[in-house]
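Asker: This is the structure, below, for whatever I ask next.
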Amino acid sequence: MTIKILSQAITDELERVRHTIESQLQSGISEVDDMLKLLLNYQGKMLRPMLVILSGRMAGPIIEGQIKLGAAIEMIHLATLLHDDVLDDADRRRGKPSINHLQGNEAAVLLGDLLLSQAFYLSVEIGSLELLGYVSRTTQLICEGELSQVLRRGDYNLEEEEYFRIIAGKTASLMQCCCIQGVKLGQGNPDICQAAEQFGYNLGVAFQIMDDIKDIDNGQASFISKTLGTDMAKEKMTLPLIHYLMRSDSATRDQVRDLLRTGDQSSRHQLADRLEQFGSVQYARDRARDYIDLAKAAIRHLNDSDGLCLLADSIL
């Protein structure tokens, strides 16, 4: 409900972002355009454009460059979803058949690459070399984070420090980009830029932790945008699982490994129950709350920061 209320408060700006995205989802090749149009089914709450706009408002009125930035970042996000679905063998996205399920992995990967190139081209139109460099570096961090996560699948010795390094790249970096560049395009002073950057980073970390939790919460199926249990099925080391493993003996760790590698839904339910009962899920929730508190503390002294603080609370 909070996200919906905030969206209504910036309806005009979000509509401009959507219109900009739609104008980019065309190539002049009919079969490619048909696939690009399917992407409109996968737009969710537009959280990242919201971050650009709400952060930009702390610096002043919203300008066209911020609208284009919101669109470019949402397109980068959509590209990562396409690639994620291929990596996870997912057949659903936001309740609809995924692109890789409809058109195959090769087409989904190439469509994601096309989206990334279109997002960079749109970023060029904004006219800031500094912004283009920041967006490019952010995309690099996302790829590095995702690659690190893939390479550490099934690593039952992964520690929290490494986990947080991975999610800083794959998730937090894009939200950080939304906030600091949204402010910079509005000519915000260095203090506001620094506060926005800290907010975006901490929000992004909390967002990923909560996403970890949702993957193992079997009661979330009615509104989660991805297939439940995907992380466990792929042996991704999420925060609740890391917490549990680091505090378990070797026999328990072997049992966890067996449950994950069995691969069936019943085994994942058993593991989810263990994580809940042991307190690992609550531990992850508490860590997410800590990061949300840090995010809000970074900006609450600034004018027009109430919307961002409300958005941060909604993540929990």
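Asker: Give the residues of the stretch 283-312 that are open to solvent by 70 Å² or more (accessible area, probe 1.4 Å) and either on the phi > 0 side of the Ramachandran plot or assigned to a helix (DSSP H, G or I) (or both), sorted by residue number. Steps first, please.
Answerer: The first filter runs over the stretch 283-312 and keeps only residues open to solvent by 70 Å² or more (accessible area, probe 1.4 Å), leaving 285-286, 289-290, 293-294, 300-301, 303-304, 306, 310.
Those that are open to solvent by 70 Å² or more (accessible area, probe 1.4 Å) and either on the phi > 0 side of the Ramachandran plot or assigned to a helix (DSSP H, G or I) (or both): Arg285, Asp286, Arg289, Asp290, Asp293, Leu294, Asp304, Asp306, Leu310.
Asker: Quick check on Asp89: is it outside any helix (DSSP H, G or I) and more than 30 Å from Val183 (Cβ to Cβ)?
Answerer: Working: outside any helix (DSSP H, G or I): yes; more than 30 Å from Val183 (Cβ to Cβ): yes.
Here the answer is yes, as Asp89 does meet what is asked.
Asker: Look through Gln140, Gln220 and report the one residue that is at pLDDT below 95, surrounded by fewer than 18 Cβ atoms within 10 Å (Cβ to Cβ) and under 26 Å from Ser98 (Cβ atoms). Give the steps one after another, and end with the answer.
Answerer: Numbers: Gln140 fails: at pLDDT below 95.
Just one listed residue meets the conditions, Gln220.
Asker: When residues of the stretch 171-200 are filtered for being of a type outside the set (S, T, N, Q), part of a helix (DSSP H, G or I) and in contact (Cβ under 8 Å) with a residue 40 or more places away in the chain, how many remain?
Answerer: 15
Asker: Follow-up. Residues of the stretch 151-179 being open to solvent by 10 Å² or more (accessible area, probe 1.4 Å), over 12 Å from the mean Cα position of the chain (by Cα) and within 17 Å of Ile292 (Cα to Cα), which ones?
Answerer: Answer for the stretch 151-179, where residues must be open to solvent by 10 Å² or more (accessible area, probe 1.4 Å), over 12 Å from the mean Cα position of the chain (by Cα) and within 17 Å of Ile292 (Cα to Cα): just Phe164.
Asker: Something else now. Could you tell me whether Leu147 is more than 22 Å from Gln8 (Cβ to Cβ), within 18 Å of the chain's Cα centre (by Cα) and either open to solvent by 30 Å² or more (accessible area, probe 1.4 Å) or at pLDDT 95 or above (or both)? Break it down into steps so the answer makes sense when it comes.
Answerer: Numbers: more than 22 Å from Gln8 (Cβ to Cβ): yes; within 18 Å of the chain's Cα centre (by Cα): yes; either open to solvent by 30 Å² or more (accessible area, probe 1.4 Å) or at pLDDT 95 or above (or both): yes.
For Leu147, the condition - more than 22 Å from Gln8 (Cβ to Cβ), within 18 Å of the chain's Cα centre (by Cα) and either open to solvent by 30 Å² or more (accessible area, probe 1.4 Å) or at pLDDT 95 or above (or both) - is met.
Asker: Right, next: Can you tell me how many residues in the stretch 134-156 are touching a Lys or Arg at 6+ places or on another chain (Cβ under 9 Å) and not aliphatic (A, V, I, L, M)?
Answerer: Residues in the stretch 134-156 being touching a Lys or Arg at 6+ places or on another chain (Cβ under 9 Å) and not aliphatic (A, V, I, L, M): 11 in total.
Asker: What are the pairs with Cβ atoms under 6 angstrom where one residue, in the stretch 17-38, is more than 19 Å from Arg93 (Cα to Cα) and among the acidic types (Asp, Glu) and the other, located anywhere, is open to solvent by 50 Å² or more (accessible area, probe 1.4 Å) and part of a loop (DSSP other than H, G, I, E, B)? Sequence gap at least six, or different chains.
Answerer: Asp33/Gln26; Asp33/Ser27
Asker: Still on this structure, I have one more. Would you mention how many residues in the stretch 263-282 are at pLDDT below 95, surrounded by 19 or more Cβ atoms within 10 Å (Cβ to Cβ) and polar (S, T, N, Q)?
Answerer: Residues flagged as at pLDDT below 95, surrounded by 19 or more Cβ atoms within 10 Å (Cβ to Cβ) and polar (S, T, N, Q) within the stretch 263-282 amount to 0.
Asker: Can you name every residue in the stretch 51-82 that is assigned to a helix (DSSP H, G or I), hydrophobic (A, V, I, L, M, F, W, C) and over 13 Å from the mean Cα position of the chain (by Cα)? Spell out how you get there, then give the answer.
Answerer: In the first step, residues of the stretch 51-82 are kept if they are assigned to a helix (DSSP H, G or I); the result is 51-57, 64-82.
Then drop every residue that is not hydrophobic (A, V, I, L, M, F, W, C), which leaves 51-54, 67, 69, 71-73, 75-76, 78-79, 81-82.
Passing the criteria: Val52, Ile53, Leu54, Ile67, Leu69, Ala71, Ala72.
Asker: On to the next question. For the stretch 4-50, name all the residues that are hydroxyl-bearing (Ser, Thr, Tyr) and either under 18 Å from the mean Cα position of the chain (by Cα) or assigned to a helix (DSSP H, G or I) (or both). Working first, answer last.
Answerer: We begin by selecting, within the stretch 4-50, every residue hydroxyl-bearing (Ser, Thr, Tyr); these are 7, 11, 20, 23, 27, 30, 42.
Residues satisfying the conditions are Ser7, Thr11, Thr20, Ser23, Ser30, Tyr42.
Asker: Restricting attention to the stretch 108-124, does a residue exist that is farther than 27 Å from Gly188 by Cα, open to solvent by 30 Å² or more (accessible area, probe 1.4 Å) and over 20 Å from the mean Cα position of the chain (by Cα)?
Answerer: Within the stretch 108-124, one or more residues are farther than 27 Å from Gly188 by Cα, open to solvent by 30 Å² or more (accessible area, probe 1.4 Å) and over 20 Å from the mean Cα position of the chain (by Cα).
Asker: What's the number of the condition Leu260 fails, among (1) open to solvent by less than 10 Å² (accessible area, probe 1.4 Å); (2) at pLDDT 90 or above; (3) more than 21 Å from the chain's Cα centre (by Cα)?
Answerer: If we test Leu260 against (1) open to solvent by less than 10 Å² (accessible area, probe 1.4 Å); (2) at pLDDT 90 or above; (3) more than 21 Å from the chain's Cα centre (by Cα), just (2) comes out false.
The values are calculated or read from the model by the stated rules, or taken from the named source; none is laboratory data. On a predicted model such as this, the values are computed, not experimentally measured, just so you know. Note that we place each Cβ from the backbone using ideal geometry, even for glycine, and neighbour counts take in every protein chain shown. For the accessible areas, the whole protein counts, side chains as well, though only heavy atoms, and no ligand, DNA or RNA atoms are used. Shrake-Rupley method; radii C 1.70, N 1.55, O 1.52, S 1.80 Å.
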